[in-house]
Amino acid sequence: MSPSSPAGSSSSSLAYTNVLLALPDGPVPASASDSKSHCTSLIGGYPTFPPLPASAKVPKDVRCGICHEPMPLLAQVYCPPEGGENDRTVYVWACARVKCQKRDGSIRAFRASIRNDEYVRDVEEKRAAAEKEAAEERERARKNPFTLSSDAQPNGSTLFGSAQPLFGAASSSPNPFAAPASSLSSSVTPDISKLSIASSSSTTLEPPLPAYQPAQYLSTIEEYLIPPDEMDVESDGEDDEEGGADDDNLEKMLNKGADEVFDGFVRRLEGADGGAKQVLRYELGGMPLPYSSATPLCRKLFPGAEKPVGKDEELDLSSLYNPSSIPACGQCGSKRTFELQLVPTLISVLQPSSLSTNGEAPKITKGANSEAERKKELARLAAAATEGADENGEMEWGTVMVFGCEKDCVGFTEEWVGVEWEVSFEPVQ
Ligand SMILES: [Zn+2]
Ligand SMILES: [Zn+2]
């Protein structure tokens, strides 16, 4: 592990970033109310759309732009913006067919936003409280200008305020933005506040549409980048339970090519404390982490990122970032901003062998007589890769970026997806 800091960072003392990392957190029982709520963040399974205005067209499936067949859901992310008035859920689908890989249109994202009266009330209450606090503070300052109130200290400048985990993370705080606290895998108790949001007019897609099964919860952690000088110690230490195998894979990937952007991508994923299993990165209004300088999308968003950097220089992606080519919201015309991206660990979680059309996980054979069946399955997959392009295969992207409406306009609408397809690197001789 080379002791340089992650690409995009300007300081080697980086610690917490504004990015939330989402990690798989156990299967969602099909019987749980969470499996039919737009307030649950999950990967695989079926999406649930909130009760939408009659004008919004809720799809009965989402189809691939290439083969026009229904696609399985990759992720449903419940992410109401802090201080906003809406429930916001973002959905990403991708075609699993071999022939549709690496073709634009085979990955699509949609967003559902509905007004949430609880948030509206909460925003008003917070505003009133803040005004009261400010008035009191002014009063105190007037009386004694040399007294500093610790209450007046802002809670950091992170995008999410106190950086409460979004979308159904393990949070015991009463923060309404972490609403679906019940999405912890251990809990199946219905959440009252959620029930009041999800009325009977929610729509959950269902069999025989294809889906990766079982659906899995997503929980979030804040991205904390281990300072490089501590990293070697950490990675050799007890932290290994976090995914030694993944680390080895990343290490192998690093040795393959000489691409600063790609190296930065791998290091950033690898360098997050407890984040080795991240499948999704979330930062509304932030900057995506590009995957490779060899992709057209990277060159579009980070013009100049492909230029070699000097020996002692560091690639500063934030100075290159230019999202001006991202089209505006198709529904309200507002600017779209970066919202989330999928990273390749998701591909190893959502395997073609877990696709089914009956709402159940394909039977995983265990025990003594499973070896033969496993071989049969591998043979079938190998045949699919060479002959049947109509068959499902492993996805072949490096990262999938979703840009969503900055204004969070109410309704159901397709958002802009940018894909950096998988790049093959020549092995270094
Ligand atoms: Zn397709
Ligand atoms: Zn909009």
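The values are calculated or read from the model by the stated rules, or taken from the named source; none is laboratory data. Predicted, not measured: the structure shown is a model, and the values here were computed from it. FYI the Cβ positions are ideal-geometry reconstructions off the backbone, even for glycines, and counts take in every protein chain you see.
Residues satisfying the criterion are present in the range 114-121 (criterion: over 23 Å from LYS57 (Cα atoms), surrounded by fewer than 24 Cβ atoms within 10 Å (Cβ to Cβ) and either within 16 Å of ligand 2 (Cβ to nearest atom) or basic (Lys, Arg) (or both)).
Residue by residue, here is whether (1) part of a loop (DSSP other than H, G, I, E, B); (2) in contact with a strand residue (DSSP E or B) (Cβ under 9 Å, 6 or more places away or on another chain); (3) modelled with pLDDT under 95 holds:
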site	(1), (2), (3)
PRO59	yes, yes, yes
ALA75	no, yes, no
GLY83	yes, no, yes
LYS102	yes, yes, no
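A quick yes/no check of all residues on (1) closer than 30 Å to TYR291 by Cα; (2) within 16 Å of ligand 2 (Cβ to nearest atom); (3) at pLDDT below 95:
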position: VAL349; (1), (2), (3): yes, no, no
position: THR357; (1), (2), (3): no, no, no
position: ALA368; (1), (2), (3): no, no, yes
position: LEU381; (1), (2), (3): yes, no, yes
position: THR386; (1), (2), (3): yes, no, yes
position: MET395; (1), (2), (3): yes, no, no
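I'd like to check something: does the range 87-109 contain any residue that is buried (at least 17 other Cβ atoms within 10 Å of the Cβ), within 16 Å of ligand 1 (Cβ to nearest atom) and of a type in the set (Ser, Thr, Tyr)? Within the range 87-109, one or more residues are buried (at least 17 other Cβ atoms within 10 Å of the Cβ), within 16 Å of ligand 1 (Cβ to nearest atom) and of a type in the set (Ser, Thr, Tyr).
Here THR357 clears all of (1) polar (S, T, N, Q); (2) within 16 Å of ligand 1 (Cβ to nearest atom); (3) in contact with a strand residue (DSSP E or B) (Cβ under 6 Å, 6 or more places away or on another chain) except the condition numbered (3).
For GLY274, indicate whether it is surrounded by fewer than 18 Cβ atoms within 10 Å (Cβ to Cβ) and in contact with an Asp or Glu (Cβ under 7 Å, 6 or more places away or on another chain).
Criteria met by GLY274.
On inspection, HIS68 qualifies as away from ligand 2 (no atom under 16 Å from the Cβ), in a loop (DSSP other than H, G, I, E, B) and without any contact (Cβ under 8 Å) to a residue 12 or more places away in the chain. Against the conditions (1) surrounded by 12 or more Cβ atoms within 10 Å (Cβ to Cβ); (2) out of contact with any helix residue (DSSP H, G or I) (no Cβ under 7 Å at 6 or more places or on another chain); (3) farther than 22 Å from PHE265 by Cβ; (4) modelled with pLDDT under 95, ARG336 satisfies every one except (4). At positive phi, modelled with pLDDT under 95 and not in a strand (DSSP E or B), is that true of GLY310? When the stated conditions are applied, GLY310 does not pass them.
Scanning the range 321-360 for residues that are among the polar types (S, T, N, Q) and part of a loop (DSSP other than H, G, I, E, B) yields ASN322, GLN331, SER334, GLN351, THR357, ASN358.
From the list ALA130, ALA56, ALA94, the one residue that fits, being free of Cβ contacts under 8 Å to residues at least 40 places away in the same chain and of a type in the set (Gly, Ala, Ser), is ALA130.
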